[in-house]
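Only the coordinates and a few stated rules stand behind these numbers; no lab work does. Computed from a predicted structure; not experimentally measured. Cβ coordinates were reconstructed from backbone atoms using ideal geometry, including for glycine residues, and neighbour counts include every protein chain displayed.
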Amino acid sequence: MKHKKIRIAILGSTGSIGKQALEIIQNHNKLFEVVLLSAHSNWRLLDEQVKTFDAKYAVLTGLKNENGHIQIGDSAKTKTYVDPYVLNELVNLPEIDIVLNSLVGFAGFSPTYYALKAHKKVALANKESLVVGGAIITELLTESKGSLIPIDSEHSAMLQSLVGEEKEDIEEIIITASGGPFRSLTLEQMQNVSVEQALQHPNWSMGSKITIDSATMMNKGLEIIEAHWLFDLPIEKITPVVHPESIIHSMVTYCDGSTKAQLGPPDMKVPILYALSYPRRLPLNSSRMDWSQIHKLHFEPVDYLRFPCIELAINSVRLHNGGPAILNAANEVAVAYFLEGKIKYIDIVKIIERCLNQIQFNSTLSYDSLVELDQQTRDYARTICQHGTN
Ligand code: NDP
Ligand code: MG
């Protein structure tokens, strides 16, 4: 018998996307139910969430359970796992219909891979999965009965603009970028920006890693790679444009010169819900645009001199098939060091560049070789962070 509700596992439920996904599920509790929730170390919030949503499985990936004492929720209702790798197995559970992957960083790659292997529908916020493993994941998708629906707002906008269209008719995808908190700064002014300044995103409230990626605009570089794999388009056909209001979430231009776009207030609940309900829509009690008050929308070209990370990302795809994995791992390490106040904002790009130039990748592309390349890059990037970039 078919289960009445759609059963969801949220990987990274204590994060910015995870919490918003839970709000949506609460508002549509006749349609959706939560089966599994995971956090890295925030066990207090995970415990609250598990109790509120009666989740059957709780996972902590970043703590040690030496005495076996950690129990999330009520032991009669919830099975707790404290294990860094167990998500790779649990995404197989027959009682999961959708895996919503809102983990941050390369940690999200393996669960995406194993969920698709297990023929699940994956609602994907974790863009790093596709940046690093796009080739492997898209190959897996040809054999898997599972599917991959993006949550990233730009990619959701692309998907919505592609409904009813043929791939051959696409001329170009225009991916919009807010420009982040440093959109108007000169290179000189960027020399000494603080962590606090970099964390002040003008339009979106998000986790700290993606907020820093938005400040360097690496986020747009990662998203171009993400779009390249999701929609099977050459990287040259995906053009970034700065649009400071974040109202147009992305656009697709077709061969007749017509452009379709998806617009709305910057609110991640819209793409999260769309990924869960796709291809249908469900009501959302979010704010609405008052179009009579929108007098102007602004656009400007990307300044690659002030924001070199976008070009580094694009070029990493052309370098070799391990390029994006090196880019991503170096970026994760550099951002973590920057957030800890151990390197400067302007060092981030130098560290990534150095890793891309120095690390070789001669292996055949596979799940295992990518995991190894990620680790090798992290070790090298940490050494640079500790010894300085000069
Ligand atoms: P957050 O940092 O807010 O949340 C990350 C979640 O992952 C938390 O639940 C955290 O647990 C868990 N986590 C952290 N590190 C690890 C690890 N090494 N292994 C397993 N779990 C881990 O991130 P966001 O919600 O902002 O972003 C999640 C993903 O979605 C990212 O890939 C981001 O690029 C993407 N995205 C986010 C958007 C946003 O608006 N936030 C918009 C578009 C895309 P704990 O709380 O215990 O640390
Ligand atoms: Mg985005």
*Return the long-range amide H neighbours of V302 (sequence gap of 5 or more, or a different chain), with a cut-off of under 5 Å between placed amide H atoms.*
V242
*Relative contact order of the chain, pairs being alpha-carbon contacts under 8 Å that are 6 or more residues apart, as %*: 14 percent
_Phi-based couplings in Hz for the range 322-330 (Karplus 6.51, -1.76, 1.60; Gly and Pro marked x)_ = x, x, x, 5, 5, 3, 5, 5, 4
*Of A118, I343, I314, which is farthest along the charge dipole of the chain in the positive direction, counting Lys and Arg as +1 and Asp and Glu as -1 at C-beta?*
A118
*Taking a 22 Å limit on the Cα-Cα distance, which of the listed pairs K120/K220; K120/K237; K56/K269; K127/K237 fall beyond it?*
K120/K220; K120/K237; K56/K269
_the range 155-163 - phi-based ³J(HN,Hα) in whole Hz, Karplus 6.51/-1.76/1.60, Gly and Pro as x_ = 6, 5, 4, 4, 4, 5, 6, 9, 4
_For I6, distant residues with modelled amide H under 5 Å away_ = F32, E33
*So what's the chain giving for Rg/Rh, alpha carbon basis, Kirkwood Rh from the mean inverse pair distance?*
0.95
*Please report, to one decimal in angstroms, the Kirkwood hydrodynamic radius of the range 105-177 built from all distinct Cα-Cα pairs.*
13.2 Å
*Nonlocal amide H pairs with Y81, under 5 Å, H built at 1.01 Å*: A58, V59, L60
*Based on a Kirkwood Rh over C-alpha pairs, give the Stokes-Einstein translational diffusion coefficient of the range 1-143 at 37 °C and viscosity 0.692 mPa s in µm²/s.*
217 µm²/s
*asked:* Residue by residue through the range 365-372, what is 3J(HN,Hα) from phi via Karplus (6.51 cos²θ - 1.76 cosθ + 1.60, θ = phi - 60°)? Round to whole Hz and write x for glycine and proline.
replied: 5, 7, 4, 5, 5, 6, 4, 5
*To the nearest 20 debye, what is the magnitude of the charge dipole of the chain about its Cα centre, counting +1 on the Cβ of each Lys and Arg and -1 on the Cβ of each Asp and Glu?*
1100 debye
*Linear extension gain, D232 paired with E171, 0.36 nm per residue minus alpha-carbon span*: 20.7 nm
_Translational D in µm²/s for the range 33-77 (Stokes-Einstein at 37 °C, 0.692 mPa s, Kirkwood Rh from C-alpha pairs)_ = 311 µm²/s
*Using a/c under 1.5 as the rounded threshold, could you call the range 64-211 rounded, prolate or oblate? The axes a ≥ b ≥ c are square roots of the C-alpha gyration tensor eigenvalues, and prolate needs a/b larger than b/c, oblate otherwise.*
oblate
*asked:* On the Cα set of the range 159-257, report Rg and Dmax in Å, please.
replied: 15.3, 48
